[in-house]
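Let me begin by handing over the structure; questions about it come next.
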Amino acid sequence: MPVRATKRGAERTPLRRDCDVLVCGASFAGLAVASELAHTGARVLVIDRYEIGERQTSACGIPTCWLEAMDLHGSLRQSFDELVVHTPWTTARWQLPWSFSTFDYRELCAQLWEQSHPSDAEFETATVNGRDGDTVHTDRGDLTAPLIVDALGWRRALSNETPIQPPNARLSRGLEVHPHGAGEELELWIDPAYIRAGYAWSFPAADEVRVGVGSFWPAHHVKEPTVRLANGLGLPADGYQGNWIPHQLRTAVEDGVFFVGDSAGHCLPLTAEGIRTALYFGLACARELAPVLAGKATREQALARYGAFSDAHEAHRRATHAQPGDYADGAHACLTARMPLGVQQLSGDRAAAVCGGRSKA
């Protein structure tokens with residue numbers, strides 16, 4: 001597991017910067033925004049509590065075509081063409097509609113950040129404490145920018161709405177361990193013996209195996225079944241990591257701020273996948289910011305367009321959301337749940353590469 005590298009003590013000096021775009025959050029969504037703005041000439045400042053790539057919170061798996069389309073193939077660790085699904089009644093082997101790969105989180109984030117370097121992009125560690133208008137308050141001082149993006153996660157830190165808190169919120173919970181080891185199969189367990197409403201997984205990634213349990217009901221604990229599954233696979237429960245996962249779309253714009261990724265609920269609710277949706281909506285957000293930076297649109301127009309784009313996915317999301325406990329259809333739904341990624345809505349080389357006859361989210 002990575003060692004924490006965040007600046008501390010004397011290195012944590014007051015932060016004073018002028019920028020055109022302030023991106024709060026340096027994981028998948030925030031880095032996708034910065035990467036897509038690379039050739040606009042904009043002064044982009046990305047801030048996060050942690051260094052880039054320092055804090056992994058997911059199993060880091062994605063359709064391989066996304067890594068290829070976004071020039072992130074160097075982060076790939078292991079690829080799979082099949083999914084093995086275990087239920088209380090049988091074990092089935094499913095041919096995937098696309099190749100699925102695990103990747104190295106630190107390496108992928110580093111590659112995304114490298115893509116942002118043609119612009120005047122900067123990164124600083126800072127903890128966001130809140131916002132008033134166009135000013136974001138951090139532990140290193142106040143930052144003001146005409147365009148602000150919240151990619152900080154499910155807490156939606158830049159919102160002025162009442163914060164949501166688990167377990168009384170529409171959040172799933174996940175926990176996994178990363179023991180050293182190897183494997184050849186991508187596996188899921190849809191079995192109440194591990195979790196009543198959710199699923200368990202084993203994702204090999206070259207020299208480690210990512211074993212975890214996710215629950216759609218936030219009140220259900222996941223540590224004991226995670227340890228039990230790992231031990232059942234002959235692996236130690238080493239390297240814990242976990243997070244809360246949104247399973248409800250939220251408005252993607254509020255009070256002049258653009259919300260991307262988990263902060264807007266951009267996550268596939270059944271499979272709890274938020275990586276490709278974070279990248280997808282990060283690209284979409286940046287493509288609405290670019291005309292504003294070029295003087296061809298106003299911020300209000302960009303907010304309206306991006307908000308409408310995000311909202312348009314609600315109907316499809318409802319169509320792919322199965323009820324917890326629907327075990328008969330659960331395995332198939334885990335393979336096929338997706339958000340539309342229309343070339344007409346999100347055009348460009350990277351979107352076309354992903355959409356071209358393959359996965360659409």
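The values are calculated or read from the model by the stated rules, or taken from the named source; none is laboratory data. Computed from a prediction, not measured in an experiment: that's the story for all the values here. Every residue, glycine as well, gets a Cβ built from its backbone with ideal geometry; the counts of neighbours run over all protein chains shown.
Out of (1) more than 23 Å from the chain's Cα centre (by Cα); (2) not in a strand (DSSP E or B), what's the single condition that is false for ASP142?
(2)
What is the one condition in (1) closer than 25 Å to LEU158 by Cα; (2) within 19 Å of the chain's Cα centre (by Cα); (3) at pLDDT 95 or above that VAL136 does not satisfy?
The one condition VAL136 does not meet is (2).
May I ask you to list the residues in segment 45-103 that are touching a strand residue (DSSP E or B) at 6+ places or on another chain (Cβ under 9 Å), aromatic (Phe, Trp, Tyr) and part of a loop (DSSP other than H, G, I, E, B)?
Across segment 45-103, the qualifying residue is only TYR50.
Only one of (1) touching a residue at least 24 places away in the same chain (Cβ under 8 Å); (2) under 30 Å from ALA69 (Cβ atoms) is not met by LYS296, so which one is it?
The single condition LYS296 does not satisfy is (1).
Would you confirm whether any residue within segment 108-122 is closer than 27 Å to GLU161 by Cα and not in a strand (DSSP E or B)?
There is no residue in segment 108-122 that is closer than 27 Å to GLU161 by Cα and not in a strand (DSSP E or B).
Now for a different question. Does LEU235 satisfy being touching a Gly at 6+ places or on another chain (Cβ under 6 Å), farther than 30 Å from CYS24 by Cβ and assigned to a loop (DSSP other than H, G, I, E, B)?
Considered against the rule, which asks whether it is touching a Gly at 6+ places or on another chain (Cβ under 6 Å), farther than 30 Å from CYS24 by Cβ and assigned to a loop (DSSP other than H, G, I, E, B), LEU235 comes out as yes.
Could you tell me which of the residues ALA308, ALA252, ALA286, ALA328 is small (Gly, Ala, Ser) and at pLDDT below 90?
ALA328
Could you tell me whether ASN129 is in a strand (DSSP E or B), surrounded by fewer than 22 Cβ atoms within 10 Å (Cβ to Cβ) and not small (Gly, Ala, Ser)?
Judged against the criteria, ASN129 is a match.
Being assigned to a strand (DSSP E or B), touching a Gly at 6+ places or on another chain (Cβ under 7 Å), under 23 Å from GLU122 (Cβ atoms) and in contact (Cβ under 8 Å) with a residue 12 or more places away in the chain: is that true of VAL33 here?
Considered against the rule, which asks whether it is assigned to a strand (DSSP E or B), touching a Gly at 6+ places or on another chain (Cβ under 7 Å), under 23 Å from GLU122 (Cβ atoms) and in contact (Cβ under 8 Å) with a residue 12 or more places away in the chain, VAL33 comes out as no.
Of the residues that make up segment 76-86, is at least one under 17 Å from the mean Cα position of the chain (by Cα), at pLDDT 95 or above and either exposed (fewer than 15 other Cβ atoms within 10 Å of the Cβ) or more than 17 Å from TYR280 (Cα to Cα) (or both)?
yes
Criterion first (on the phi > 0 side of the Ramachandran plot and buried (at least 23 other Cβ atoms within 10 Å of the Cβ)) does GLY198 satisfy it?
Considered against the rule, which asks whether it is on the phi > 0 side of the Ramachandran plot and buried (at least 23 other Cβ atoms within 10 Å of the Cβ), GLY198 comes out as yes.
Considering only residues of segment 192-247 that are more than 20 Å from THR87 (Cα to Cα) and aromatic (Phe, Trp, Tyr), which is nearest to the chain's Cα centre (by Cα)?
TRP244
OK, next. Quick one: in segment 169-180, of everything that is touching a Pro at 6+ places or on another chain (Cβ under 8 Å) and either in a loop (DSSP other than H, G, I, E, B) or without any contact (Cβ under 8 Å) to a residue 24 or more places away in the chain (or both), which residue is farthest from PHE80 (Cα to Cα)?
ALA169
Can ALA92 be described as out of contact with any Cys (no Cβ under 9 Å at 6 or more places or on another chain), at pLDDT 95 or above and of a type in the set (Gly, Ala, Ser)?
yes
Condition (residue is polar (S, T, N, Q), out of contact with any Pro (no Cβ under 9 Å at 6 or more places or on another chain) and under 26 Å from PRO146 (Cα atoms)) applied to segment 55-64: is it met by at least one residue?
No, segment 55-64 contains no residue that is polar (S, T, N, Q), out of contact with any Pro (no Cβ under 9 Å at 6 or more places or on another chain) and under 26 Å from PRO146 (Cα atoms).
Mind checking which pairs have a first residue in segment 142-168 that is over 14 Å from THR251 (Cα atoms) and in contact (Cβ under 8 Å) with a residue 40 or more places away in the chain and a second that is in a loop (DSSP other than H, G, I, E, B) and of a type in the set (A, V, I, L, M, F, W, C), Cβ under 6 Å, 6 or more apart or different chains?
So the pair list comes out as ALA145/CYS19; PRO167/ALA219.
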